[in-house]
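A.B. asks: Mind looking over this structure? Questions follow.
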Amino acid sequence: SGRLLGSGQLGLDRTQQIVADGSRLIGVAEESASLVIHDFATDREITRPDRRPVLAGDASFQLLPSGKLVVVTRDREIVVMDPVDGRVLSRNSVATSIHHDYIHGFTAFERNGKLLVGMNTERGFGESISAAPRMGEPRCDFGRLFCIDMQSGELLWERRTEPTVFCHLRGPDVLVAWSIMITDNGIRRRQVQRDLRLQFIDLRTGHTLAE
């Protein structure tokens, strides 16, 4: 209808992403680096100031196509929320698996009722797969990949990741990933060989089925 739902100053960090989800605006508070969800239809903040999750580094948050909100906190927790009412659907601590002081970002996507969260703990993403986001395919950098059951909220498995792209091609409980392996075969003169690497990962266990 074009009707103005509301206006105001929320004190959001403009260097972080700000996402519109229906009548809701999702962002990061500039002073506290905590998650803010404000519903302009009701003119109220859904996240209580004293219970806002504080975000980790550049990890920020991600809104999934299913409508769920994924947050990585400063305490190294993966939190799944309902942005409509702010309910926490699941919370898993991964502090014992992340040994770096800073998280450079993360990616989250769903496959067959499971949530995959890749945390990037090291810089240095390869040029060969830098176009993956433009193709709509999720990617991970050097870090850890965590798998969570969306129904029970249980953390099922984790594994180390290198620069990897996860394909839209999928099978029953199989995650298909590809990467570029770079080998320097030069002795006096630099000779670089690039090889395509395909991996088929069991979504139930995280084990590599074939490579």
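The values are calculated or read from the model by the stated rules, or taken from the named source; none is laboratory data. What you see is a predicted model; the values in this text were computed from it and never measured. Here the Cβ positions follow ideal geometry from the backbone for every residue, glycine too, while neighbour counts run over all protein chains shown. The area values use the complete protein model at the heavy-atom level, side chains included, leaving out ligands, DNA and RNA. Shrake-Rupley method; radii C 1.70, N 1.55, O 1.52, S 1.80 Å.
A.B. asks: Quick one: Arg134 ticks every box in (1) touching a Pro at 6+ places or on another chain (Cβ under 8 Å); (2) open to solvent by 50 Å² or more (accessible area, probe 1.4 Å); (3) modelled with pLDDT under 85 except a single one, so which number is it?
C.D. replies: It is condition (1) that Arg134 fails.
A.B. asks: Sticking with this one: Taking the residues in segment 71-127 that are open to solvent by less than 40 Å² (accessible area, probe 1.4 Å), of a type in the set (Gly, Ala, Ser) and over 19 Å from Val19 (Cα atoms) as candidates, determine which candidate is modelled with the highest pLDDT.
C.D. replies: Of everything passing the filter in segment 71-127, Ser90 is modelled with the highest pLDDT.
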